[in-house]
């Protein structure tokens, strides 16, 4: 009996050491990169179980702690059922994802694209399809065959931020999707807004585009703050694409960049750069904003960006350090395409590793080394 007690005591000590070692490693990683994220389109109903498996087998072991899901209209909305996709997630589908994330200590942040990205290629998005009066540029008709560049400078449609009814609709969607995901944060997109302040819009004509953009950020932020939720957005519209040379995609050339000085400091910035490791996270942090850096499909670039973020945190003042929050891997395909590419180790068009799944592997391998 005495021997059994002794063996049991040794086992308890061993388990305690393992637990404390894991806890110490987690705490170390949290101090190095507090946000370790993954952003992807929410799965369709048929793929939810497979996606949950991916969360548990791939995201959790890599210590991913933030999952941004582009939901848009892939949910069976009760507030505005006319806007949901023909095949969309049910509340029970969502709860499978929520429960898996909760069990694995992953914060879920749902996304609905607001302001911009109200169309894609030749297809109008559900919001403007059902509420065409919200269109900022109704005179621009969707082409049968889309190409860029084009005479209308059409990339994606935007809704008019000054339309008197638009927020009644989008706020209802935001509230519902945040409730079902049981979340304290919401991602509003707001990237690549090329249509804003149209001279043909009866409400926006002659308006300062920076003030229009900032006004929409503030409205969304204030609505979320009323229920103690945090607003996340992509950061490109807050960067000066002309002065920096970054250009019109990863930064702004239509004067929205001055909005950075007009928005609340608690708006969380996702700073995406896919061609170079532009050091704009420093700019956001110097403006008092929390920021994560977001790579896509270039593994070596992602690793370089992660090293930069770690260096920014370790080499900054006490005031600046906490604003450098971490890294978020972005994925711009649907969930099945990414998961299949990941498990099949698919190559890019040239047979190389410039793919989102290789980028994800290399980024999180580098992050895993950061706490050793």
Answer yes if at least one residue in region 342-352 is buried (at least 20 other Cβ atoms within 10 Å of the Cβ) and either more than 19 Å from the chain's Cα centre (by Cα) or touching a residue at least 40 places away in the same chain (Cβ under 8 Å) (or both), and no otherwise. no
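Residues are listed down the side, and each one gets a yes or a no for (1) in contact (Cβ under 8 Å) with a residue 24 or more places away in the chain; (2) in contact with a strand residue (DSSP E or B) (Cβ under 8 Å, 6 or more places away or on another chain):
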site	(1), (2)
88	yes, yes
93	yes, no
123	no, no
134	yes, yes
153	yes, no
Of the residues 102, 123, 36, 44, which single one is surrounded by fewer than 22 Cβ atoms within 10 Å (Cβ to Cβ), under 26 Å from residue 368 (Cβ atoms) and modelled with pLDDT of 95 or more? 102
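Is there a residue in region 74-87 that is over 30 Å from residue 315 (Cα atoms) and under 20 Å from the mean Cα position of the chain (by Cα)?
Initial filter on region 74-87 (over 30 Å from residue 315 (Cα atoms)): 74-87.
Filter once more, keeping what is under 20 Å from the mean Cα position of the chain (by Cα): 74-75.
There is at least one residue in region 74-87 that is over 30 Å from residue 315 (Cα atoms) and under 20 Å from the mean Cα position of the chain (by Cα).
Here is a yes/no grid of residues against (1) within 25 Å of residue 232 (Cα to Cα); (2) at pLDDT 95 or above:
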residue	(1), (2)
304	yes, yes
312	yes, yes
323	yes, yes
330	yes, yes
334	yes, yes
354	no, yes
370	no, no
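Working only within region 282-313, note down all residues that are farther than 30 Å from residue 347 by Cβ, in a helix (DSSP H, G or I) and in contact (Cβ under 8 Å) with a residue 40 or more places away in the chain. Even if it seems obvious, please write down each step before you answer.
At the first step, the residues of region 282-313 found to be farther than 30 Å from residue 347 by Cβ are 282-291, 311-313.
Going one step further and asking which of them are in a helix (DSSP H, G or I), we end up with 282-286, 311-313.
The answer is 283, 284, 313.
The values are calculated or read from the model by the stated rules, or taken from the named source; none is laboratory data. Quick caveat: nothing in here was measured; it's all calculated off a predicted structure. Please note: Cβ atoms are built from the backbone with ideal geometry, for glycine as well, and neighbour counts cover all protein chains shown.
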